[in-house]
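The structure appears below as structure tokens.
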Amino acid sequence: MLVHFRIRRFNPEKDPKPYWAEYDVELEPTDRVLDGLNAIKWYQDGSLTYRRSCAHGICGSDAVRVNGRNRLACKLLIKDVGNRIEIEPLLGFRVIKDLVVDMEPFFAKYRSVKPYLINDDVPPLTERRQSPEQRAAFDDTTKCILCAACTTACPPFWTNPDFLGPAALVAAHRFIFDSRDQATQERLELINGRDGVWRCRTVFNCTEACPREIQVTKAIGELKRALLYNRV
Amino acid sequence: MTMYHKYDAVVVGAGGAGLMAALQLSRRVPTAVLSKLYPTRSHTGTAQGGIGAALGNLEEDHWEWHAFDTVKGGDYLSDQDAVDLMCREAIDTVYELEHDGLPFSRTPDGRIDQRPFGGHTRDFGKAPVKRACYAADRTGHMILQTLYQQCIKNQVNFFNEYQVLDILVEDNICRGVVAVDIASGELHTFHAKAVILATGGFGRIYRITSNALSNTGDSVAQVLRRGLPLEDMEFYQFHPTGIYKMGILITEAARGEGAILLNGKGERFMQRYAPTLVDLAPRDMVSRAMYDEIRAGRGVNGRDYFYLDVRHLGRERINEKLPDITDFVKTYLGLDPAKDLIPIQPTAHYAMGGIPTDLDARVLVDTSNTPVIGLYAAGECACVSVHGANRLGTNSLVDIIVFGRRAGKHAVEFVRGAEFAPLPPQPQDRVREELARLLSGTGRETVAGLRQTLQNEMWDLASIVRVGDGLKQMKERLADLRDRYSRVTLGDRGRSFNTELLEAVEFGYLLDLAETIVVSALAREESRGAHFREDFPQRDDARWLRHTFIRRVNGNLELSYKPVTITRFQPQERKY
């Protein structure tokens, strides 16, 4: 089928301002939107620029806005979008070139919640024990691939770029609810600040945007309850 | 000199092996990690099923059994000293990962859960054993996340989206690397005492592959271009269960959990090929069985695919144990694994060969194990060789963790006693020249067109089943492709984020590596593991129980051979 792409393009090296470029591509209905981008880059215009790697929804490179919604281009099929596809870079970050945005501020927020296990006890000779129930408490938030689809779909983040945003909160949840971690209070304080968890307005855009189907809003709700009742 | 950096150690690549090495190094010596992707994008993250270690949490197991399975799985081409070391150290490294926070799936009593996997057996081949430690079907994702998180904790210096384009090796001493900062397009020279290469595989040589678009074998080709040898390049693994036409992997853990393979007549055809392990036979055997079934007209609808049947596991078990593959099947095929059969075919998956190393991951310059001073390699880009002629499932994750760690530990000691070797006078010249040539091209060829031709022809002539005439034909095709590559024209001539230029560079790597595969495969007149020659269908230990070394000398590829280290497992016929 013939698919019409409108792509938001901007190369600061030469373009005074962003513009829309249009391409027609012959694709199969079961092709990925990423296949469309590749077809344009490989056979029509080599300068079209985007990130991609695994092409099956695991590496998190190719989060973009497709017809106004944040999606991974490799996890969205043409038949599920239709024959008119509009693609823009994620909102809220500086555009480096075309669909490539500066991810540094996003990773800085991730780092700020101490996203690593903290446990200063001398480890046992074998594994630390954790029951399947304890493991299940944070299973959902271990799925995060840091694609930034959730954070850049979040209206409170758009209005306040200092807000930690859903992805960093998901990382905090992953460790706060891990029975092996000993820094619960420290992390709860980190997310309790001005730009922390209370900026969340329960819009559910993050949950809708997550390509890993993480229940992001639910996880943030669990963090709020942990703070309110001081209980994990 | 502009854009000059000096670090005791530089790690190239930020998948499992690179991050593991970086963790060892950065706690002790100034270290930089250069990666063409953000670390969490690395291909380690797509590994699904598990990491093999004889913990014995559910049933009796011993690392010696794991070692036997690895050697037999590798069709006796593995170096057995390296295998012993890997299988022994696997146990401690899995515990170490758990202590670092890896959220393994758990047994009811809170221990790391384990499940069966292809070719892993109890008591030297008697029956399948539960050895694969796992985190649902996203084990690689959890390893990558955990290691990246530990790197953040240890304040590792990352240079994200810096793509290394040359390794500065002269007079058998490594002096650093040259990289491009992708965002700005500027070249940077990294002066180092030790360089650890960990850039992964090169599945993009083939049409159908489970590998990421970025798996282009960068450092493997760069090492070859610097006149160093590569080892066992003819051994490339095809995983039997890729999603039909797309190549996306459906983990072997599906079969570990009880899924079965069916041909077009609805038969469990693996019963005929591997009566003991059946669907859990090693990957080379299953892929080759599929090839035979297709040729006998027993593919589904007489075509080149089969069905993976997981339906009888039930929805609950599928959702708990295999959530990601359920998601893939739903997303890309519109099917429900609890109700539908999954169409699958073999997919290019893993390079057993690569940059030859010793047990401390030092890169070797010849068949008598002389190391290059200050150069290391670990993970899929390296060849220790633990996987021999065919890698067992779960052993790639074992390899990256064990040998990434060993590379890091050895490099720490090395840099403490070493001085910085001087850089060559104009270290960036080779890279500048290569980029300038590509940017100024005016011919009519496109990289995409050439790459598609390469991938199709390698799939047809140098994949699961090979024959001398086909390989000779492929050699000629490669010469033609190389000629056409010199006439490539780019549409993007800018500096910033010029991914078209980098794809052109990467295509050059694929071309180099394809040639080493074909030349090594043509010379090896036997069938062993993943290398199957229709014209030489038997294994021939008398002539070929040895490793291939290939290097470029004055433009020509030259072969030499190295004996296999055999300790306790004498070669036997390989039956499952």
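On average, how many beta carbons from a partner chain sit within 10 Å of the beta carbon of a residue in B:147-155?
Mean partner-chain Cβ count within 10 Å for B:147-155: 3.
Residues with amide H under 5 Å of B:ARG122's amide H, sequence separation 5 or more or different chain, H placed in the peptide plane at 1.01 Å from N; which?
B:ALA127, B:VAL129
Provide the per-residue ³J(HN,Hα) series for segment A:70-86, in order, calculated from phi with Karplus coefficients 6.51, -1.76, 1.60 and θ = phi - 60°, each as a whole number of Hz, with x at glycine and proline positions.
Those phi angles translate into 6, 9, 7, 4, 8, 10, 10, 8, 4, 4, 8, 10, x, 9, 10, 10, 10 Hz.
If I model a spin label as a point 7 Å beyond the Cα along the Cα-Cβ vector, how far apart are those points for B:MET3 and B:VAL467 in nm?
5.0
Treating only the Cβ atoms of Lys and Arg (+1) and Asp and Glu (-1) as charged, compute the dipole magnitude of the protein assembly as shown about its Cα centre; round to the nearest 20 debye.
1280
Can you pull out the cysteines in chain A that have no other Cys Cβ under 4.7 Å?
Result for chain A is A:CYS74, A:CYS144, A:CYS147, A:CYS154, A:CYS200, A:CYS210, no neighbouring Cys Cβ within the cutoff.
Along the charge dipole of segment B:429-550, which of B:LEU511, B:LEU501, B:LEU450 sits closest to the positive end, that is, farthest toward it, with unit charges on the beta carbon of Lys, Arg, Asp and Glu (+1, +1, -1, -1)?
B:LEU501
Which lysines, on any chain, are close to B:LYS330 with Cα under 18 Å apart, when same-chain ones fewer than 8 places away are left out?
Qualifying lysines at Cα under 18 Å: A:LYS75, A:LYS79, A:LYS143, B:LYS245, B:LYS321, B:LYS339.
Between A:ARG225 and B:THR370, what's the calculated FRET efficiency when r is the beta-carbon distance and R0 is 56 Å? Round to 0.05.
0.35
Treating cross-link reach as a plain straight distance, find the aspartates and glutamates whose alpha-carbon is under 17 Å from the alpha-carbon of B:LYS475, omitting any fewer than eight places away in the same chain.
B:GLU234, B:GLU457, B:ASP460, B:ASP483, B:ASP512, B:GLU515, B:GLU525, B:GLU558
For segment A:42-125, with the dipole built from +1 on Lys and Arg beta-carbon atoms and -1 on Asp and Glu ones, taken about the Cα centre, which of A:CYS54, A:VAL66, A:LEU125 lies farthest toward the positive end?
A:VAL66
Within segment B:215-296, which GluC sites (Glu not before Pro) sit in a loop by DSSP and count at most 13 neighbouring Cβ atoms inside 10 Å?
Answer in residue order: B:GLU267.
Across all directions of projection, what mean area in square nanometres is found for the Cα convex hull of the protein assembly as shown?
Orientation-averaged projected area of the Cα hull: 31.5 nm².
Residue by residue through segment A:217-232, which ³J(HN,Hα) values in whole Hz follow from phi under the Karplus form 6.51 cos²θ - 1.76 cosθ + 1.60 (θ = phi - 60°), with glycine and proline marked x?
Those phi angles translate into 5, 5, 4, 5, x, 5, 5, 4, 5, 4, 6, 5, 9, 6, 8, 10 Hz.
Place the peptides A:193-203, B:29-39 in order of packing, highest mean first, counting for every residue the other Cβ atoms within 10 Å and averaging per peptide.
Top to bottom by mean Cβ count within 10 Å: B:29-39, A:193-203.
Apply the Karplus parameterisation 6.51 cos²θ - 1.76 cosθ + 1.60, with θ equal to phi minus 60°, to every residue of segment B:337-353 and state each ³J(HN,Hα) to the nearest whole Hz, in sequence, with x for glycine and proline.
Values, residue by residue: x, 6, 10, 10, 7, 9, x, 9, 8, x, 9, 4, 10, 8, 8, 6, x Hz.
Can you tell me the dipole magnitude for segment B:429-550 around its Cα centre, using point charges on the Cβ only (Lys, Arg +1; Asp, Glu -1), in Debye to the nearest 20?
180
Taking amide H positions as placed in the peptide plane 1.01 Å from N, state which residues far from B:THR209 in sequence (5 or more) or on other chains have amide H under 5 Å from it.
So B:THR209 has HN proximity to B:ALA348.
Could you sort the peptides A:83-90, B:443-450, B:378-385, A:163-170 by per-residue average Cβ neighbour count (10 Å cutoff), highest mean leading?
Final packing ranking: B:378-385, A:163-170, A:83-90, B:443-450.
What is the Cα centroid distance between segment B:374-453 and segment B:251-318, reported in whole angstrom?
35
Would you grab the residues whose amide H sits under 5 Å from the one on B:LEU557? Only those 5+ places off in sequence or on another chain, please, with H modelled 1.01 Å from N.
Close amide H contacts, sequence-distant or interchain: none at all.
May I ask you to list the trypsin sites (Lys or Arg not before Pro) in segment A:112-157 that are in a DSSP loop and have at most 16 other Cβ atoms within 10 Å of their Cβ?
Hits after loop and neighbour filter: A:ARG129.
List the lysines whose Cα sits under 21 Å from the Cα of A:LYS97, skipping any in the same chain fewer than 8 residues away.
Correct list for A:LYS97: A:LYS14, A:LYS17, A:LYS41, B:LYS36.
Just so you know, all these numbers are worked out from the coordinates, no wet-lab data involved. Model, not experiment: these values are computed from the prediction. Virtual Cβ from ideal backbone geometry, glycine too; neighbours counted across all protein chains shown.
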